[in-house]
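Below: one structure, written as structure tokens.
The values are calculated or read from the model by the stated rules, or taken from the named source; none is laboratory data. Remember, it's a predicted structure, so these values are computed and weren't measured experimentally. With ideal geometry, Cβ positions are generated from the backbone for all residues, glycine too; neighbour counts draw on all protein chains shown.
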Amino acid sequence: MAENGTPSEVRSGPPCLDSSPKGSRDSSGTENKDITKTGYFSHYTPLASALANMSVILCTGIGLITLIAYFSGVRPYHSVAIYTRTLADYISASFWEALSGICSRTIQHPDSQVNRLCITPDKRFLAAAGHNNVKLFDIKSTNPNPVITFEGHTNNITGVAFHCEGKWMVTSSEDGTVKVWDTRTGSLQRNYVHRAAVNDVVIHPNQGELISGDHAGMVRVWDLGESVCTHQLIPEEDTAVLSVSVASDGSLLCAGNKKGNVYLWRMVQTDDTTRIIPVCTFQAHKDYLTRVLLSPDVKHLATCSADHTAKVWNLDAEFPPAKLALKQWKEKEALNPPVETPVEAPVTPVEAPAQSQDLLRIFDAPIQDRDLLRITDNPPRQETPQQTFTSSPDGPPMDPVNHTLFLETTLANHQRWVWDCAFSADSAYLVTVSSDHYARLWELGTGNIIRQYSGHHRGAVCVALNDYSEPR
């Protein structure tokens, strides 16, 4: 423990940003011994128990925030918040019961569309990010008015996330900034500037770093203690990064862009620095990618797309289909070794590979390094197309045939763009929302639809899952 009371492993910021970490958290949820599932998903919570602790909140373009809340006795448990859009000139959020699919509450948001929803760690408040402000609503109250409004952005707010104890909040915006707010007073504490619209932002579990992605194709890591950008990643030049996600244990960073490509990095922390090492790159969808999300247990990666699907990819080396496929592939390669063919002399200059090495190094380039900063600011253009697949030996198991992560399931029942998704606390269930006006709750072990939330007049564009089974 440091002298000022701040744990030494947490990077400190201003007073409102200083806090103790909550420690290790069991992302599998509360222990439940009445488990009927077998095999790889046997450790997950049974459906009835899981649904008894969830509620869904979603938004539509009509301007409604809807709460779908499950009830056990008199206590609301699982709820899903879904935001939807309609022809009316108001916005609302709806609260639904996850088990029965009953809409228990609707919140009007008349000022603008809602781009993102986020629930505070204590499950008490819902943040709705709109055109140029974020409104905080009391989930358990019937008061339709926000308890506080955060104003300061000048364009659409695209991302929102909370400190682990809810003491501060971070937002990203198309105005090109990332802002940190004191949730107690609503005052602005930090302002970080990108050179393009910022499409998403997340908080590293160490509570001392922010990670944001922008429309120019950059992923940036911001150190709150030093108030500087420590890393700039350029996964694909001039290709907008639309979504970023960081693992709950801080081990992985993921980004997705508008071409449907996914980029995965390993984050290695020392006492005072974070190294970011490329792990793999692959095309998850052949159309616009709208969302990437790492599961709480860091065994799955969910991606949403304009191709009307959501996909769940494996990150676990013990995933049985991955182990079997890799074993069969190695056996086939042993029986049929590749035939070496003569390689023609390269036409490109000898120094071309050095350029690619420089580009690789910028994946882990501190911004203070002036030489690498020049490369990052003005990366050399390549005449050949960028590779769609790379991998690292210490990364998750890769499908040797498709050159992707192993695909666990494709959730293909939506009829239009899938905009957003949310995992349950035990990573066994996923909620998706789509322009087809539906929100769906999926059981990942089977790929089946468990519940379907309908009745929205317009498309559902963002969702939050209020899972009370998550340890607090």
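What to note about this one:
- Test: residue in region 210-219 that is small (Gly, Ala, Ser), out of contact with any Phe, Trp or Tyr (no Cβ under 8 Å at 6 or more places or on another chain), buried (at least 24 other Cβ atoms within 10 Å of the Cβ) and without any contact (Cβ under 8 Å) to a residue 60 or more places away in the chain: yes
- Residue count for region 164-181 satisfying the condition of being crowded, with 21+ Cβ neighbours inside 10 Å and either at positive phi or in contact with a helix residue (DSSP H, G or I) (Cβ under 8 Å, 6 or more places away or on another chain) (or both): 2.
- Residue count, region 182-207 (criterion: more than 18 Å from Leu264 (Cα to Cα) and crowded, with 24+ Cβ neighbours inside 10 Å): 2
- Of the strands (runs of 3 or more DSSP E) lying entirely inside region 201-265, those carrying at least 2 residues that are under 25 Å from Pro397 (Cα atoms) are 241-246, 252-257.
- Taken together, Leu87, Leu99 contain a single residue that is assigned to a loop (DSSP other than H, G, I, E, B), touching a helix residue (DSSP H, G or I) at 6+ places or on another chain (Cβ under 7 Å), at pLDDT below 60 and at negative phi, which is Leu99.
- Failed criterion for Asp271 (all others in (1) modelled with pLDDT under 95; (2) under 23 Å from Val463 (Cβ atoms) hold): (2)
- Considered as a group, the residues in region 260-307 that are of a type in the set (Lys, Arg) and under 22 Å from Cys421 (Cβ atoms) include one that is surrounded by the fewest Cβ atoms within 10 Å (Cβ to Cβ), and that residue is Lys286.
- Listed by position, the strands (runs of 3 or more DSSP E) inside region 120-194 whose residues that are at pLDDT below 95 number at least 1 are 125-129, 133-138.
- Once region 429-454 is narrowed to residues that are part of a strand (DSSP E or B) and of a type in the set (Val, Ile, Thr), the residue that is surrounded by the most Cβ atoms within 10 Å (Cβ to Cβ) is Val433.
- Whichever residue in region 411-428 is of a type outside the set (A, V, I, L, M, F, W, C) and part of a loop (DSSP other than H, G, I, E, B) and, among such residues, is surrounded by the most Cβ atoms within 10 Å (Cβ to Cβ): Ser424
- Here Cys280 does not fit the description of being in a strand (DSSP E or B) and modelled with pLDDT of 95 or more.
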